[in-house]
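Here's the structure, in structure tokens; my notes come after.
Throughout, read-outs are computed from the coordinates displayed, never taken from laboratory work. As the structure is a computational prediction, the values presented were derived from the model and not from experiment. All Cβ positions, glycine included, derive from the backbone under ideal geometry; neighbour counts span all protein chains shown.
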Amino acid sequence: MRCATLAELPPPPRDKSAWPWAEESPQLPDPMPDGSAWPKVSIVTPSYNQGQFIEETIRSVLLQGYPNLEYIIIDGGSTDNSVEIIRKYEPWLAHWVSEPDRGQGHAINKGLRVSSGQVMNWLNSDDCFKPGALPHVIAYFRSNGAAQVLCGFRQVFRGHRMSRITSVRAYLKPDRYTLSRCCYIAQETTFWKRSVWATIGQLDETFQFALDYDYWQRILAAGYRFCLLPCFLGLFRAHLHSKGTRQQDTRTRELARIYWRYLGTTKSEEQLRLEISPAWWRRMRLMHMLGRVGLLNSPTLAKAAVSALSLKEDEIPHSNPVG
């Protein structure tokens, strides 16, 4: 399905402006310049009682300007105005349902199982894509045929103030050693080909907080590498009811399960972080600083920064870890 245009979607409330209310991504031509169809992209949004946020999420997907989108919403039987909002956008959805489920992981799996796209991801109902995120992702996959998993940078905002970025998540080239010890890549900016899903299967629904990190570990265990597209693809919303605010104890327990499952260790997150070279951490902090001051908004500068700061793999482990 072709992405909608701004004129086709329901008009925004009077107090809403900018992306994704009054702005849209440029429409890509259909078909591709060589006459072939664009790869289908499947996006699943799990939702439960996020009526105050979900319309912004939906519009950030539908206004990507991408010609072959499969957008699926799996609502867990919301009791607020979520279903009313979803119905407004039904003409542009490939599939949606509102019924009780067993939680976020179950909802995502339900959506991905009915999807058919060559490229896959999920977008939580309080987060958003940046303008042009999907065209950037597909351009990378087309130019890098061997790439199977791709991630990008994230901007963080609070509440409804999307224009006021409070922090960023930008990083060096992901590598197996650091990513197995620290989850630093952003979920909403991580896309993978259907062949990855076919190989490793669906998400582990027993995880409540770290289901994405468990999936990244399974991707690593299957021998895949995470490629990096050094630009901002996602917008993460921080608010009082987000998981990162409410579930710190759950996070600690689930990380312990992950480290035992994939590394066979009972070491804590803090201990494993100490196994990574201080030089790597210094360079990661520099990437964050460059992101905060806006220098990584330029794709050219972002690519140069990643290239200059990323370490060789044999330089990443700490030569004398403490802890």
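One table, with the values for the structure above:
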read-out: Angle in degrees between helix 133-143 and the longest Cα principal axis of the chain, rounded to the nearest 10; value: 60 degrees
read-out: Label-point gap, in nm, between Met1 and Ala22 - each point 7 angstrom along Cα→Cβ; value: 2.7 nm
read-out: Dipole magnitude of the chain about its Cα centre (Cβ charges: Lys, Arg +1; Asp, Glu -1), debye to nearest 20; value: 840 debye
read-out: Inter-part distance where the stretch 126-147 and the stretch 240-318 are each reduced to a Cα centre, Å; value: 22 Å
read-out: Stretch gain in nm, segment Ser195-Val97, where the contour uses 0.36 nm per residue and the Cα spacing is subtracted; value: 32.7 nm
read-out: Kirkwood estimate for the stretch 1-126, i.e. one over the average of 1/r between Cα atoms, Å; value: 14.9 Å
read-out: Net lengthening on full extension, Ser268/Arg87 (0.36 nm per residue, minus Cα-Cα); value: 60.7 nm
read-out: 3J(HN,Hα) from dihedral phi, the stretch 45-54, Karplus parametrisation 6.51/-1.76/1.60, rounded to Hz, x for glycine, proline; value: 10, x, 8, 7, 6, 10, x, 6, 10, 5
read-out: Under 10 Å, Cβ to Cβ, from Ala221 - net charge with Lys/Arg +1 and Asp/Glu -1; value: +3
read-out: Of Lys88/Lys130; Lys130/Lys303; Lys40/Lys88; Lys88/Lys110; Lys88/Lys193; Lys110/Lys193, pairs whose Cα-Cα distance is over 25 Å; value: Lys88/Lys193
read-out: Helical contribution to [θ] at 222 nm, DSSP H n ≥ 4, -39,500 (n - 2.57), averaged over the chain, rounded to 500; value: -10000 deg cm²/dmol
read-out: Residues with amide H under 5 Å from that of Ala238, placed H, sequence gap 5 or more; value: Phe157, Arg158, Gly159
read-out: Anisotropy class of the stretch 40-113 from Cα gyration tensor, a/c 1.5 cut; value: oblate
read-out: Where labels lie 7 Å past Cα in the beta-carbon direction, separation of Asp15 and Ala279 in nm; value: 5.3 nm
read-out: Residues in the stretch 165-203 that a label on Glu315 would reach, taking backbone N under 15 Å of a point 7 Å out along Cα→Cβ; value: 172-175
read-out: For peptides 198-210, 162-174, 59-71, 111-123, sequence by mean Cβ density within 10 Å, most packed first; value: 59-71, 111-123, 162-174, 198-210
read-out: Anisotropy class of the stretch 62-184 from Cα gyration tensor, a/c 1.5 cut; value: prolate
read-out: Table column - 3J(HN,Hα) (Hz), the stretch 283-300, Karplus curve with 6.51, -1.76, 1.60, x for Gly and Pro; value: 6, 5, 4, 5, 4, 4, 5, 4, x, 5, 8, x, 5, 7, 5, 8, x, 5
read-out: Given charges at Cβ of Lys, Arg, Asp, Glu: the stretch 23-119 dipole, positive-most of Pro39, Ser82, Thr57; value: Pro39
read-out: Environment charge of Ile58, counting only residues whose C-beta is closer than 12 Å and scoring Lys/Arg +1, Asp/Glu -1; value: -3
